[in-house]
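Accompanying notes for the structure given below.
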Amino acid sequence: MAATIAEKIFSQRCGRAVRAGDVVMAPVDAAMIHDITGPLAVRVFREMGGARVYDPGRIIMLFDHQIPADSIPAAENHVFMRQFAEEQEIHNYDLLEGVCHQVVMEKGRAAPGEIIVGTDSHTCTYGAAGAFATGIGSTDMGFVLKFGALYFRVPESIHLEVNGTFGRRVGAKDLILSLAGDIGADGATYMALEFTGRAMREMNMAGRMTCANMAIEMGAKAGIVPPDAATWEYVAARRNIEPFDLAGDPDAAYAESRQYNVTDLAPQVAVPHNVDNVVDVGDVAGTKVDQIFIGSCTNGRYEDLAEAAEVLGTADAFATGVRVIVIPASRTEYLKALRAGLIERFVEAGALVEAPCCGPCMGGAFGLLAPGEVSLSTSNRNFRGRQGSTQASVYLASPATAAASALYGEITDPREV
Amino acid sequence: MRVWKFGDDIDTDAIIPGRFLTIYDPAELAKHAFEGTRDEFAKGAREGDIVVGGSNFGCGSSREHAPLALLGTGIRVVVAKSFARIFYRNAVNTGLLPLVCPGADEIRDGDAVSVDIGGGFIEVNGKRLPVEPVPGFLKKIVEAGGLVAYAKDLDRVETCSTE
């Protein structure tokens, strides 16, 4: 019987056919916890009478939101989590490797066909590896730590077919912002997005991660890119795995099907204070900015930094009066950028380059905005107060648009630089 | 019992800003609920008051601090036209009852309200507005008072069982 990719993953993991709408106690292949939501999950695990976690090898622990500890309570959380890791024999990446979603991907902890949960809403990023991955709360995670399974309602799916070829300095972030604008902040609630079409097949893994990452911004439970040669090459370079076929059937019962073409897509900007409030860059060009953040699980990879550096070109410096904060998403990506000379260029131009972490996107660690300030960010959320004061404004855009805007101190179309 | 009315797309950053996420105690979190968004809420909310939102209530982060902050103020019920998925499930798990009410737009800030869960409605200004029941598999968790109470006495679960 024809099935969506989400239905196939749950059917395969449960050993029998399940359909959208079914509620199953599905096995969890991997579970990610970090410094903010992890401590609560551990407490809940213990309140549930948990003594030993179901499988330490399937639990991924790391710290990325408040690192190095920015307060004594944050430091205490880190100590608490380290002790739990040691007691339970969980491998803890600690604060050494970077932002959780980048680390899970680059360490090969996500693979096609797996069911993965994380106590972070952007866990859907691993859909770029062909996994069914979704964000859960700490109490659900306590349950997962104890039992290795969780109730899932198998979601309906929206089939997205994206064709065409991106124009110069337009890419994955512009696509996903335009999709958020089209589908809306709750247009995919409880559903899975399937990203297909030529533009997705031609997109590199970094771009696919950007797209899958922001599925949650449409309310989606997961955002999955069917695995192809690029996926298998990425995953097989990181763990021992044999490729298999996994794709939604054309005649599966999709809740909806939407077609897009990126050929004429302009750089997109999400304007305050909602992610689905999306316009062409030209509509907001000239808006003065105080801070620019290039980084996060959405856009902190080497490819993103290279995109920003290409726009920076040979310019001597970023505009006076704009603070540019660059944060590679992981130690690995940092090293790649460092060895390619990108970090040197950013520092020369006046950027603050920070060690891999969530940075200003978290809105609680550093890089906070004062009332009235304006930020342009390559991250994923522009909610009121997300990066500091509720009287500040956050715009979301691609690394190319961020770099162009950093050169002029105002929102700038990267194609015109 | 009064209504605290909010609009559409109320996100979890608004319910509890990121800088308070090292706090886990509901009573402490409650002091910062809606800080910067609606400052009078944390001081004014009373045991049994109800938060009413529009569509997509609780969108954004998976932070369970959001339902905990509301619980800490004495809120036990959140009513909305629709909920974001993770918040909805977190609410059920922590013992905060999320009720989908298609007519939530009719409810105004400060209205007196009563909830009749068995009857499947809330009563506002003498008018009954139907609310949708929590789906079957979550009902057990609601009845237990949250997922901790539900899971405490379980030694194992049957993987791949269907509800």
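For B:A144 paired with A:R339, estimate the spin-label separation in nm (one decimal), with each label point 7 Å from Cα along the Cα-to-Cβ line.
In this crude spin-label approximation the distance works out to 4.9 nm.
Using the Karplus curve 6.51 cos²θ - 1.76 cosθ + 1.60 with θ = phi - 60°, what ³J(HN,Hα) values do you get for each residue of segment A:246-258, in whole Hz, with x for Gly and Pro?
Per residue, the Karplus-derived 3J(HN,Hα) values read 8, 7, x, 7, x, 9, 5, 7, 7, 5, 6, 10, 10 Hz.
When the Cα centres of segment A:112-182 and segment A:202-231 are compared, how far apart do they sit, in Å?
Going from one Cα centre to the other spans 7 Å.
Enumerate the calculated ³J(HN,Hα) couplings along segment A:378-390 in order (Karplus 6.51 cos²θ - 1.76 cosθ + 1.60, θ = phi - 60°), each rounded to whole Hz, writing x wherever the residue is Gly or Pro.
Once rounded to whole Hz, the list reads 8, 7, 10, 9, 10, 4, 4, x, 4, 10, x, 4, 6.
Residue by residue through segment B:31-37, what is 3J(HN,Hα) from phi via Karplus (6.51 cos²θ - 1.76 cosθ + 1.60, θ = phi - 60°)? Round to whole Hz and write x for glycine and proline.
5, 10, 4, 6, 5, x, 9
Under a 1.4 angstrom probe, counting protein chains only, how are A:S296, B:S55 ranked by accessible area, largest first?
Solvent-accessible surface, decreasing: B:S55, A:S296.
Taking the Cα centre of each part, how many Å lie between segment A:54-70 and segment A:391-409?
30 Å
Can you give me the three principal axis dimensions of chain B from its C-alpha atoms, in Å, biggest first?
Rounded to whole Å, the extents work out to 45, 39, 25 Å.
What do you get for Rg/Rh over segment A:353-398 if you use C-alpha atoms and the Kirkwood form of Rh?
0.94
What's the percent breakdown of Cα-Cα distances in segment A:1-51 across 5 Å bins, shortest bin first?
4, 16, 19, 15, 10, 15, 14, 4, 1
Using protein chains only (no ligands, no nucleic acids) and a 1.4 Å probe, work out which residues of segment B:1-38 have their accessible area cut by at least 10 Å² relative to the chain alone.
Residues meeting the cut-off: B:D9, B:D11, B:D13, B:G18, B:R19, B:L21, B:T22, B:Y24, B:G36, B:T37.
Using heavy-atom solvent-accessible surface (probe 1.4 Å) with all chains present, what is the largest-first order of A:K146, B:K81?
Listed by decreasing accessible area, they come as B:K81, A:K146.
How much of the pair distance distribution for segment A:289-395 lies past 23 Å, counting alpha-carbon pairs only, in percent?
Cα-Cα pairs in segment A:289-395 separated by more than 23 Å: 22 percent.
With all protein chains present, calculate the accessible area of A:R323 using a 1.4 Å probe and round the result to the nearest 10 Å².
Solvent-accessible area, nearest 10 Å²: 90 Å².
Can you tell me the Rg and Dmax of segment A:109-209, counting just the alpha carbons, in angstroms?
When restricted to the Cα atoms of segment A:109-209, Rg and Dmax are 15.1, 49 Å.
Add +1 for every Lys or Arg and -1 for every Asp or Glu among the other residues with Cβ under 11 Å from the Cβ of B:F121, and state the total.
-1
If the convex hull of the alpha-carbon atoms of the protein assembly as shown is projected onto planes in all directions, what is the mean projected area in square nanometres?
24.0 nm²
As a test question: what accessible area, to the nearest 10 Å², does A:H159 have when a 1.4 Å probe is rolled over all protein chains in place?
Surface open to solvent at A:H159 totals about 40 Å².
If I measure Cβ to Cβ between cysteines in the protein assembly as shown, which ones have no partner under 4.7 Å?
Lacking a cysteine Cβ partner under 4.7 Å: A:C100, A:C124, A:C211, A:C297, A:C357, A:C358, A:C361, B:C59, B:C101.
List the residues, sorted by chain then number, that are 5 or more residues from B:F121 or on another chain and whose placed amide H is less than 5 Å from its amide H.
Amide H neighbours of B:F121, under 5 Å, 5+ apart: B:D116, B:V131.
How big is segment B:97-163 along each principal axis, measuring the range of its Cα positions in Å and listing the largest first?
Largest first, segment B:97-163 extends 47, 21, 19 Å along its Cα principal axes.
Excluding A:A349 itself, what net charge comes from residues whose Cβ is under 14 Å from its Cβ, given Lys and Arg +1 and Asp and Glu -1?
So the surrounding residues net to -2.
How big is the Cα convex hull of segment A:150-259 in projection, averaged over all directions, in nm²?
Projected over every direction and averaged, the Cα hull of segment A:150-259 covers 7.9 nm².
For each pair in A:K173/A:K221; B:K5/B:K81; B:K5/B:K127; A:K146/B:K31; A:K8/B:K139, compute the distance between the two Cα atoms and list the pairs where it is over 21 Å.
Beyond 21 Å between Cα atoms: A:K146/B:K31; A:K8/B:K139.
Would you mind computing the Rg to Rh ratio of segment A:1-132 from its alpha-carbon coordinates, Kirkwood style for Rh?
1.01
Can you give me the long-range amide H partners of A:G409? Hydrogens built in the peptide plane at 1.01 Å from N, cutoff under 5 Å, separation of 5 or more residues or another chain.
Residues meeting the amide H criterion: A:A319.
Quick one: grab Rg to one decimal and Dmax as a whole number for segment B:41-96, Cα atoms only, in Å.
Final numbers for Rg and Dmax: 10.5, 28 Å.
Need the per-residue list for segment B:51-96: every residue with at least 40 Å² less accessible surface in the complex of protein chains than in the chain by itself, probe 1.4 Å, sorted by number.
Correct list: B:N56, B:G60, B:S62, B:E64, B:R85, B:I86, B:R89.
Give the shape of segment A:299-354 as rounded, prolate or oblate, defined through the alpha-carbon gyration tensor: a ≥ b ≥ c are the square roots of its eigenvalues, a/c under 1.5 means rounded, and otherwise the shape is prolate if a/b is larger than b/c and oblate if not.
It is prolate, given that a/c is not under 1.5 and a/b is the larger ratio.
The values are calculated or read from the model by the stated rules, or taken from the named source; none is laboratory data. Since the structure is predicted, the reported quantities are computational estimates derived from the model, not experimental observations. Positions of Cβ are generated from backbone atoms using ideal geometry, with glycine treated the same way; all protein chains shown enter the neighbour counts. Calculation scope for accessible area: heavy atoms of the full protein, side chains included, ligands and nucleic acids excluded. Shrake-Rupley method; radii C 1.70, N 1.55, O 1.52, S 1.80 Å.
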